[in-house]
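Accompanying notes for the structure given below.
We did not get these values from a lab; they are worked out from the coordinates using the rules stated. The model shown is predicted, which means the values in this text are computed figures rather than measured ones. Quick reminder, even Gly has a Cβ in these numbers, built from the backbone with ideal geometry, and neighbours come from all protein chains shown.
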Amino acid sequence: MSLMLSVHDLTMHYRIRKGDVSAVDHVSFDLAKGQSLGLVGESGCGKTSVAFTLMRLLPDNGVIKDGYVMIDGKDIVAMDYTDLLKMRWRKIAMVFQAAMNALNPVHTVGQQIAEAMELHLPNLNPAQMRERIAILFELVGLEPTLMDRYPHEFSGGMRQRAVIAMALSCSPDIIIADEPTTALDVIVQDRILKRIRELQRELNMAMIYISHDIAVIAEVSDRIGVMYAGRMAEMADATDIFAHPSHPYTYALMGAFPSIKGKRRDLKTLPGEPPDLLDPPPGCRFHPRCPYATDVCREKQPDFMPVDGVMRSDLTQGHYVACWHPLKGVTL
Amino acid sequence: MTTQAAYTDGTLVRVEGLKKHFPVGGGIFHRTKSHIYAVDDVNFAIQKGKSLGLVGESGCGKTTTGKMLTRLHDPTGGHIYLNDTELGQVDLAEVKGAQLKTFRRRVQMIFQDPYESLNPRRTIYDTVVEPLAVQGIGDLVEREERVANLLDLVGLTPADTFMFRFPHELSGGQRQRVAIARALVIDPAFIVADEPTSMLDVSIRIGVMQLMQELAEQFGVSYLYITHDLAVARYMCQDIAVMYLGKLVEMAETEELLAHPLHPYTQALISAVPIPDPRLQRETIDIKGGIAQPIDPPAHCRFYDRCPFADNFCRDNAHPPLEDKGDGHMVACYKV
């Protein structure tokens, strides 16, 4: 498998008046061609901040403190701005949550997709461009004639499809989807999820799918990364992480998630709330809520280590956990 | 059915033929031509101490139904009978004056967004004590005791450290606990909870759900639990009613409904819910098209345009009535 994306020790802070918010802290992962990684965690865990850092779409007070993001042997973090613009859309594109504000209300949907292509695919003439948009529309399941319509004429599900078409417009190698179905009703969500997964497989793209919903993540991911308070707590193949959750937080998150299938099991609560990242707790950031916490957890940050002890050349395979006392052989 | 007969079986709330039609278009100089049939001829009952989950997609009329039960909307037609120890048997659609005030004490609402439903300029104490003040219950000392007691019960302990804080000092989960305390402080019999946990994170959500269940038992309250999330309804409610474009299409005991959905819409809805386990496969039953708005809908079944089983009979007849298909499993479909 060829490596598409390599993220190592990525650390990003938001500077605010009261100090630095440690939003992303030494996060590492790798992505192979055609692989989909689901990033899951609660609000404020840093999953969206990771996405924005990868695209360098950070606000002025977002500062990358450490780490690298390698795409095609080039480091996004160190790159100057003109080179970065060439990478965006062509190499790495983002599907935003299609609230009304992801699309400009005064331009037709087709014009907005053309805008991205004009910049990155300058050789296309207008007729070729329309043809390409028509193909994109069909790919995402929209009638091509709709390209001359305005966003307000689209339903929520159609807008989300248009935003996906836009992200695919320059044939990126890597696509980041940030909660693309969160605002949608369940039947529409199901259709879009299926289409995203099919497209990702057909086009053999690498995908990072971000959601707070572990059920959605389970459906679209080959690998799953669980984030907590700015750090990667656990990462493994989807079936593996559900069969053998190692981090107590992963276990708690799964235990707290209701399902309509299977036996109705009792849901488990997780006491406390996520920490304030202006002043994160020392040691493992989960220790104040962890039932297994000991002195070492309160003092030293656990390394992100393979559960079987076998070090690999990259993080596209294997089961990794950042915990001093990883769970063994537990199931839900 | 006479209203007397309805009350012998432990029913707390009985909704009969409930309707809410909103005018659209119109204006000062134009006569209103069309109506949105937001809620159209809805019937259900909630037993004392039990909770009913009202489930459906956005725009199906579930929130409008909840707002009519708390009289935040006046119904266009129909009856809401409440069988209450204090109020006696009353039709909520028609209560007025002093009775309406008593009714406001017996029926409470918990809203979705705890960031919007609490006044940012008031302390937690002010917010929770207000219903007691409005209803003129107790003196100052008793009220303070009652508020402290409630804050303890909802897990905001120690109560005296929370009482004089402002909402912005609390997290989302804590705010929703304040909203629950406010709803319970005047001993209601019935609470309409409109997506009370959908804004909360997973690890916080379960705590609030469990709290609501514990308090329901302790206070003997029933909920009408409005949610778009079937999995949440499964954990909160004994019965589930599924709503589609202003109509109830199916209603049954929770596990029965999830295991054996009969209405094609319920089947599609259940099959579309993602499962938090990649080892389980699911079959999707897809239905055509998307949700429309029920503006002056045709007489035939509301689901006709999207239904994979619809035929001429469905087209030529009125929307099917909600009928018992055995063991209290109610379905509104000619094809079942």
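Summing charges over neighbours of A:ILE187, with a neighbour being any other residue whose Cβ is under 10 Å away from its Cβ, gives -2 when K and R count +1 and D and E count -1. Between A:SER259, A:SER221, A:SER211, the Gaussian network model of chain A with springs among Cα atoms under 10 angstrom shows the greatest mean-square fluctuation at A:SER259. Cross-link reach is defined here as a Cα-Cα straight distance under 20 Å, omitting same-chain residues fewer than 8 places apart; for A:LYS74 the lysines meeting it are A:LYS33, A:LYS65, A:LYS86, A:LYS91.
Where both bridge residues fall in chain B, DSSP classifies roughly 65% of the beta bridges as antiparallel.
The label-point distance for B:GLU116 and A:GLU115, in a model that sets each label 7 Å from Cα toward Cβ, rounds to 2.8 nm. Mean projection of the Cα convex hull over all viewing directions, computed for segment A:220-276: 4.8 nm². For segment A:156-270, the relative contact order works out to 17 percent when only alpha carbon pairs closer than 8 Å and six or more residues apart are counted.
A cut-off under 10 angstrom between Cβ atoms defines the neighbours of B:VAL331, and their net charge, with Lys, Arg +1 and Asp, Glu -1, is -1. Rounded if a/c is under 1.5, else prolate if a/b beats b/c, else oblate: with a ≥ b ≥ c from the C-alpha gyration tensor eigenvalues square-rooted, which is segment B:1-128? It comes out oblate by the Cα gyration axes. What the Cβ-Cβ distance of A:LEU124 and B:GLU217 gives, at R0 = 60 Å and to the nearest 0.05, is a FRET efficiency of 0.35.
Taking amide H positions as modeled 1.01 Å from N, with prolines and chain starts lacking one, the residues under 5 Å from B:TYR244 and 5 or more places away or on another chain are B:VAL249. Evaluated over the Cα positions of the protein assembly as shown, the convex hull gives a direction-averaged projected area, one quarter of its surface, of 33.5 nm². Within straight-line reach of B:LYS20, meaning a Cα separation under 20 Å, sit the following lysines at least 8 residues removed in sequence or on another chain: B:LYS33, B:LYS62, B:LYS67, B:LYS96, B:LYS247.
The phi-based Karplus calculation (6.51 cos²θ - 1.76 cosθ + 1.60; θ = phi - 60°) puts the 3J(HN,Hα) values of segment A:175-182 at 10, 10, 10, 9, 6, x, 10, 5 Hz, whole numbers, x for Gly and Pro.
What 222 nm value per residue comes from the helices of chain B, counting each DSSP H run with n ≥ 4 as -39,500 (n - 2.57) and dividing by all residues, nearest 500 deg cm²/dmol? The helix contribution divided over chain B gives -9000 deg cm²/dmol. Between B:PHE313 and B:THR85, the modelled labels are 4.9 nm apart [label points 7 Å from Cα along Cα→Cβ]. Once you divide the Cα radius of gyration of chain A by 2.2 N^0.38 Å, the number left is 1.02.
Centre-to-centre, using Cα atoms only, segment A:273-332 and segment B:85-162 are separated by 43 Å. For a paramagnetic label modelled on B:GLN135 (point 7 Å from Cα along Cα→Cβ), amide N atoms under 12 Å away belong, within segment B:186-222, to B:186-191. For segment B:68-81, the Karplus equation 6.51 cos²θ - 1.76 cosθ + 1.60, evaluated at θ = phi - 60°, returns couplings of 6, 5, 9, 6, 7, 10, 8, x, 6, x, x, 10, 10, 8 Hz by residue, with Gly and Pro reported as x. Note on A:LYS194: lysines with a C-alpha under 18 Å away, same-chain residues under 8 apart excluded, are B:LYS288. Per residue, the convex hull around the alpha carbon atoms of segment B:52-116 comes to 120 Å³. Springs between alpha-carbon atoms under 10 Å, Gaussian network over chain B: tell me which of B:ALA241, B:ALA310, B:ALA259 tops the mean-square fluctuations. Looking only at B:ALA241, B:ALA310, B:ALA259, the largest GNM fluctuation is found for B:ALA259. Using the alpha-carbon centroid of each, what span in Å lies between segment B:167-225 and segment A:18-52? Centre-to-centre (Cα) distance: 31 Å.
By the beta-carbon count within 10 Å of each Cβ, the least crowded to most crowded order of A:ARG223, A:ARG195, B:ARG14, fewest first, is A:ARG195, B:ARG14, A:ARG223.
With the gyration tensor restricted to C-alpha atoms of chain B, the semi-axes of the equivalent ellipsoid amount to 35, 24, 20 Å, longest first. Put in order of Cβ neighbour count within 10 Å, fewest first, the listed residues B:LEU151, A:LEU277 become A:LEU277, B:LEU151. Give the residue from A:ILE64, A:PRO282, A:LEU54 lying farthest towards the positive end of the charge dipole for chain A; charges sit on Cβ (+1 for Lys and Arg, -1 for Asp and Glu) and the dipole is referred to the Cα centre. Working it through, the farthest residue towards the positive pole turns out to be A:PRO282. Working from Cα pairs under 8 Å separated by at least six residues, relative contact order for segment A:210-257 is 28 percent. Take the Cα of A:ASP276, go 7 Å toward its beta carbon, and the backbone nitrogen atoms of segment A:206-230 under 17 Å from that spot belong to A:229-230. Between segment A:153-178 and segment B:246-291, the alpha-carbon centres lie 27 Å apart.
Taking amide H as placed 1.01 Å from N in the peptide plane, the amide H of A:GLN97 sits under 5 Å from that of A:ASP178, each at least 5 places away or on another chain. Here the convex hull built on the C-alpha positions of segment B:178-336 has a volume of 151 cubic angstrom per residue.
Translational diffusion of segment A:101-191, estimated by Stokes-Einstein from the Kirkwood radius over alpha carbon pairs at 10 °C in a medium of 1.306 mPa s, is 118 µm² per second.
Going from the residue with the fewest nearby Cβ atoms within 10 Å to the one with the most, B:SER58, A:SER36 rank B:SER58, A:SER36. Computed about its Cα centre, the charge dipole of chain A is approximately 440 debye, with only Lys, Arg, Asp and Glu carrying charge at their Cβ.
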